[in-house]
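See below for the structure under consideration.
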Amino acid sequence: MPVEFLGIAATHDGSETTPRSGAAFDKQYTLRLARAHEEHGWDRVLFAYGSGSPDPAPAAAFIASRLDTLQILLAHRPNVSYPTFAAKTFATLDRISEGRLTVHFITGGNDHEQGREGDTLTKDQRYARTREYIGIVKKIWTTHEPFDHEGEHYRFHDFVSDVFPVQQPRPGVSFGGSSPAAYEAGGAEADIYCLWGEPLARTAEQIEAVKAAAKAAGRSDIPRIQVAFRPIIAPTEELAWEKAHRTVGAIRARQGQGLVRHHRSGAVRAATPQNTGSQRLVAIAEAGERYDRALWTPTAAATGGAGNSNALVGTPETVAQALLDYYDLGVDILSARGYDLLDDAIDFGRYVIPIVREEVAERDAEREAKRAADPAAHGPQALAAVHA
């Protein structure tokens, strides 16, 4: 199956290791970073959402109007706008990008962060709202006649949009989370299900949970699986591990100086994070530093499991093989973000992506050859079993 690579569309050059050098929205840096992804083999970039961060939708429109092939993953929290408004925004952005939009719906796992913008619902209520919200947006994208909606969280009458997406029948829907409520909502509604990088065995368990949720929702298909990492690469293993330890030192130094404000997860790093995904990352880090071929947890431990924070450490070859291990589990969207956003995006694109793509092409060719030689043994059911 094809493999895709997702990077980050940051609006400034700051990270967990480095303070930003300019404004929160640095237009030229945003374009430079996005262009680096487009020119170095990445498929799409994520425009993330934070309560105090620049609005990702106009930032994404800015990039879409200036680049030709890079796809956009736009993060959106349902609490910040009514679904009728949001559906029109997304459709307009899909028009601007000529059909390159996917929307990532964020339920919100931190009460403090949600409360910054007036969201007072409980976590379970937020999941119910998100599921209703996604259903409304999908219907607006695909319905050309006025309709009414009477739901638990939203009510409106006689609505029809006059702007529709380029993509038919609609843009893709992305969703993430590691709790039973997340699996249930995402299994029912998502085209892409997003996970944070965990050890292979735990990732396999999560994939099975997503599949089971999709089946329970009555789907005949399953969401594509995306997994996110923080790659730390260097020409040799020794240099890569030296770089990894410097990176953790820099994260801890900024945390210790109180210089990091987590717009996406809370004002300060909590000792016990509220969301299940972060709790899982913390537990994995407490159980060990190194897993499988290259997974390293101190980066997650240093941030309290904040977001995508587990690293893959090694040479480009080692990191590529580690990513292929996840591909073999059924992961076909690989999300990666370094700590020096621009240079790391270029290096990963130059040295890691080509190895993974070549290996995937070889595996797919071998699988196709076997299927052609023995169609009965390598039909659709057998192929699905390979990635089960």
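Restricting to region 322-339, what's the tally of residues that are assigned to a loop (DSSP other than H, G, I, E, B) and over 15 Å from the mean Cα position of the chain (by Cα)? Residues meeting the conditions: 2. Residue pairs, Cβ under 6 Å, 6 or more apart or interchain, first in region 129-140 and touching a residue at least 12 places away in the same chain (Cβ under 8 Å) and more than 23 Å from residue 168 (Cβ to Cβ), second of a type outside the set (A, V, I, L, M, F, W, C) and surrounded by fewer than 19 Cβ atoms within 10 Å (Cβ to Cβ). List them. Partner pairs satisfying both residue conditions: 129/153; 132/151; 132/153. The listed residues are 126, 170, and the only one of them that is touching a residue at least 24 places away in the same chain (Cβ under 8 Å) and in a helix (DSSP H, G or I) turns out to be 126. Is there a residue being under 23 Å from residue 230 (Cβ atoms) and surrounded by fewer than 16 Cβ atoms within 10 Å (Cβ to Cβ) anywhere in region 77-92? No, region 77-92 contains no residue that is under 23 Å from residue 230 (Cβ atoms) and surrounded by fewer than 16 Cβ atoms within 10 Å (Cβ to Cβ). On the stretch given as region 46-66, residues that are open to solvent by less than 10 Å² (accessible area, probe 1.4 Å) and either among the charged types (D, E, K, R) or in a loop (DSSP other than H, G, I, E, B) (or both) total 1.
A quick yes/no check of all residues on (1) open to solvent by 40 Å² or more (accessible area, probe 1.4 Å); (2) touching a helix residue (DSSP H, G or I) at 6+ places or on another chain (Cβ under 8 Å); (3) not small (Gly, Ala, Ser):
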site	(1), (2), (3)
118	yes, yes, no
129	no, yes, yes
145	yes, no, yes
153	yes, yes, yes
171	no, yes, yes
188	no, yes, no
202	yes, yes, yes
217	yes, yes, no
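Residue-wise test of (1) within 17 Å of the chain's Cα centre (by Cα); (2) of a type in the set (A, V, I, L, M).
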{"site": "42", "(1), (2)": "yes, no"}
{"site": "45", "(1), (2)": "yes, yes"}
{"site": "52", "(1), (2)": "no, no"}
{"site": "55", "(1), (2)": "no, no"}
{"site": "58", "(1), (2)": "no, no"}
{"site": "61", "(1), (2)": "no, yes"}
{"site": "64", "(1), (2)": "no, yes"}
{"site": "67", "(1), (2)": "no, yes"}
{"site": "75", "(1), (2)": "yes, yes"}
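Assessment of region 93-116 against the conditions (closer than 21 Å to residue 214 by Cβ, open to solvent by less than 40 Å² (accessible area, probe 1.4 Å) and among the basic types (Lys, Arg)) yields no matching residue.
The values are calculated or read from the model by the stated rules, or taken from the named source; none is laboratory data. Only a predicted model underlies this, so the values are computations on that prediction, with no experimental measurement involved. All Cβ positions, glycine included, derive from the backbone under ideal geometry; neighbour counts span all protein chains shown. Accessible surface areas use protein heavy atoms only, side chains included; no ligands, DNA or RNA. Shrake-Rupley method; radii C 1.70, N 1.55, O 1.52, S 1.80 Å.
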